[in-house]
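Working notes, structure below.
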Amino acid sequence: MYKNLSYVTLSFFYVNLIGYFFHFYVSRKLGPVFYGEFMVLYSVYLTVANVSVIIGNVAIKEIVENFERKYEILRFLRIFSLSVGVILSLLLIINYKLLARFLNLQDVRSVFLIPIGTLILFPTSLEKGFLQSTKQFGFFSLLNSFELTIRLVLAVLFLYYGLAVFGALLSSILSVLISLFILVYKNGHLKGKISKIPLKNLLYLILYTSPGGFIIYLDSVFIKKTLDPTIAGLYASFSVLGKAVLLLCLTLNSVFFPEFVFLKKDFRKMVKVVRKSNLLVSLIFVLSILGVLLFGKAIFALVFGKQYVSAFKYLPYYLGALLPLTLNVYFMSIFTALEKYLFLLYANFLSYLLGFLFLPLKTINQYLLYVGIINLIFYLLYLFLFIKLSQERINKRPTFS
């Protein structure tokens, strides 16, 4: 497991270095107002990407539990993932103007890219999930690095030719499409027997894995609807850096989740892995906050430029608010592996969503306070229930210290 963690960690740092160059270029080319608009669209796209990970997690769970039939399951899930992508894409195409109005976006043409991306993301997530389930983390990490490199090259090219918000978003979609072709070639086994998974089982797993995919980018999706356009652009700048830390932890969770599935019948070992994952996430955020306080302002100014510097003061607080959210996503994956507490996962997601829809969050401080408090409440609930469950399974209260 440690070798696989090192693969994805090294890849993550390279990917984020490339990501900073991407936002360095895009934020300067677009300016705060249009960069804020891009980040809303990009957050919607990333939300779809995280929802598509549901298919990857279904593949991981089914293949780890039925490894001798891995290719038969892969072939069935290819049909399923493509079908889901087509259905969701059609729904988004039908409603893309409504989505643009709801999020207060001006560039309707760019909104139309979201359904195109959706069609590509679901099959891609499945193929990446197959790599994870078969523990091919070296290739998995290399591919992610290649994908983000292509995104940067395309973004520079498209913005140079004046494609603005549309071009910045198009670069992400085309880079994923290239990854999909590589993955299908790598994983192969297009022909052969198909091992059907009952639709009831699939829907059950999808119900468990859905909330974690939606919850990550909710705060960024609603900034243009809730905040002044310029303030939304400032929020977008520090949220990019904050989300980088969250995404590091989620990248590591791509290694932890198969372990959670594998160890669900050995709860004593499961508790040890859960404790390690919680401590690792907490340590990453604490070190990140310290790094931001010591060195962050110069890096922030370098990445985004002087017009965004006033937003830097919010970054340490944003990281603090994201810590419980990240731990919640880990617990969502843990309870998905265990198939427990489905109601609580949806209570977490719906409560978080309703706050953005109905609370009068007009300032960045209010926004950050809301993100931190509601996720801390649910983290404490998750932790309490996991400790209670572990007592029942092994008759020994685990410690999280």
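The values are calculated or read from the model by the stated rules, or taken from the named source; none is laboratory data. Owing to the predicted nature of the structure, the values given are computational and were not obtained by experimental measurement. Quick reminder, even Gly has a Cβ in these numbers, built from the backbone with ideal geometry, and neighbours come from all protein chains shown. To get the accessible areas, we keep the full protein, side chains included, count just its heavy atoms, and leave off ligands, DNA and RNA. Shrake-Rupley method; radii C 1.70, N 1.55, O 1.52, S 1.80 Å.
Listed cross-link partners LYS135/LYS196; LYS186/LYS264; LYS97/LYS224 are compared with a 26 Å cut-off, the Cα-Cα value being larger for LYS186/LYS264. Projecting the Cα atoms of PHE140, SER89, GLY296 onto the charge dipole of the chain, computed from C-beta unit charges around the Cα centre, puts PHE140 farthest toward the positive end. Among PHE166, PHE262, PHE356, the order of accessible area from largest down is PHE262, PHE166, PHE356, computed with a 1.4 Å probe on protein heavy atoms. Placing +1 on the Cβ of every Lys and Arg and -1 on the Cβ of every Asp and Glu, with nothing else charged, gives the chain a dipole about its Cα centre of roughly 680 debye. Taking LEU323, LEU218, LEU293 as the candidate residues, the one with maximal mean-square fluctuation in a Gaussian network model of the chain, Cα springs under 10 Å, is LEU293. Of the listed residues LYS269, LYS243, LYS191, the order by accessible area with a 1.4 Å probe, largest first, is LYS191, LYS269, LYS243. Separation of the alpha carbons by more than 29 angstrom is noted, of LYS61/LYS193; LYS191/LYS272; LYS276/LYS313, for LYS191/LYS272; LYS276/LYS313. Positive end of the charge dipole of the chain (Lys, Arg +1 and Asp, Glu -1 on Cβ, about the Cα centre): tell me which of LEU74, SER220, PHE102 has its Cα farthest that way. Value: LEU74. By definition, a body whose alpha carbon gyration tensor gives a ≥ b ≥ c is oblate when a/c is 1.5 or more and a/b is not larger than b/c, and the range 100-204 fits this oblate description. Computed over Cα pairs, the Kirkwood radius of the range 157-298 leads via Stokes-Einstein (1.306 mPa s, 10 °C) to a diffusion coefficient of 81 µm² per second. Comparing mean-square fluctuations of GLY36, GLY291, GLY233 from a GNM of the chain with C-alpha springs under 10 Å, the top value falls on GLY291.
Working note: Debye formula, equal point scatterers on the alpha-carbon atoms of the chain, no solvent; log10 I(q)/I(0) at q = 0.08 Å⁻¹ is -0.40. Sorted from greatest to least, the principal axis extents spanned by the alpha carbons of the range 1-140 come out as 51, 36, 16 Å. Of PHE80, PHE267, the residue with the largest accessible area leads and the full order is PHE80, PHE267 (1.4 Å probe). Taking every Cα-Cα distance in the range 199-257 and sorting them into 10 Å bins from zero, the calculated P(r) comes out as 19, 37, 27, 15, 3 percent. Computed with every protein chain present, the accessible area of TYR25 is close to 50 Å² [probe 1.4 Å].
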